[in-house]
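Heads up, the thing below is written out as structure tokens.
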Amino acid sequence: MDISNEKLYEIAEGARANAYAPFSGFCVGAALLTDDGEVYTGVNIENSSYGATICAERVAFVKAISEGKRGFRKIAVSAGAEESIPCGICRQFMYEFSPEIEVITKAAGELKVRPLTELLPEAFVLDK
């Protein structure tokens, strides 16, 4: 089953309501589509020790990976800002599991869909 980019972005927007961002007030939601059609959501979760904060994209991936998923098609990211693309850590994290994943964001009211390789053209990779 495939989910439209619009629907996946709507799911990410809905997830954003569960974000925990008492320090920045910057709430982010993510919706990750697996190869078998399941959707995992994530939100950013801040912490008093800023280094312990985790981004929405990684939360979605961690939930999916912990349930045995390894194949991913696309991820939508919503932060209510003009356009919010995944940070560098999230890009590298996603690349580990899905270098060809499509990243869906919204800018000027329009969805933008880009391959992760466009957002992270020279990822760090170790031989497995």
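Just so you know, all these numbers are worked out from the coordinates, no wet-lab data involved. These numbers come from a predicted model, not from an experiment. Glycine gets a Cβ as well: all are built from the backbone with ideal geometry, and neighbour counts include every protein chain shown.
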Keeping to pairs on different chains or 8 or more places apart, tell me how many lysine pairs in the chain have Cα atoms under 24 Å apart. 12
Which loop trypsin sites (Lys or Arg not before Pro) in the range 41-107, with loop taken from DSSP, have no more than 13 other Cβ atoms within 10 angstrom of their Cβ? R70
Unit charges on C-beta of K, R, D, E only; dipole of the chain, Debye: 220
Projecting each Cα onto the charge dipole of the range 5-119 (Lys/Arg +1, Asp/Glu -1 at the beta carbon, about the Cα centre), which of T34, G109, A60 comes out farthest on the positive side? A60
Between the range 8-35 and the range 39-59, what's the alpha-carbon centroid distance in Å? 10
Normalised by the empirical 2.2 N^0.38 Å for globular proteins, what value does the Cα Rg of the chain take? 0.99
Using a Förster radius of 30 Å, what is the FRET efficiency between A107 and S66 based on their Cβ-Cβ separation? Nearest 0.05, please. 0.45
With no solvent and one equal point scatterer placed on each C-alpha of the range 22-62, evaluate the Debye formula and give log10 I(q)/I(0) for q = 0.15, 0.32, 0.34 Å⁻¹, two decimals. -0.38, -1.05, -1.11
Which of A107, A76, A64 ends up with the largest GNM mean-square fluctuation for the chain, with Cα atoms connected below 10 Å? A107
Computed helical MRE - 222 nm, the chain, DSSP H runs ≥ 4 contributing -39500 (n - 2.57), nearest 500: -8000 deg cm²/dmol
Kindly rank 42-50, 24-32 from highest to lowest mean number of other beta carbons found within 10 Å of each residue. 24-32, 42-50
Take peptides 15-23, 116-124 and line them up by average Cβ neighbours within 10 Å, highest first, as a rough protection proxy. 15-23, 116-124
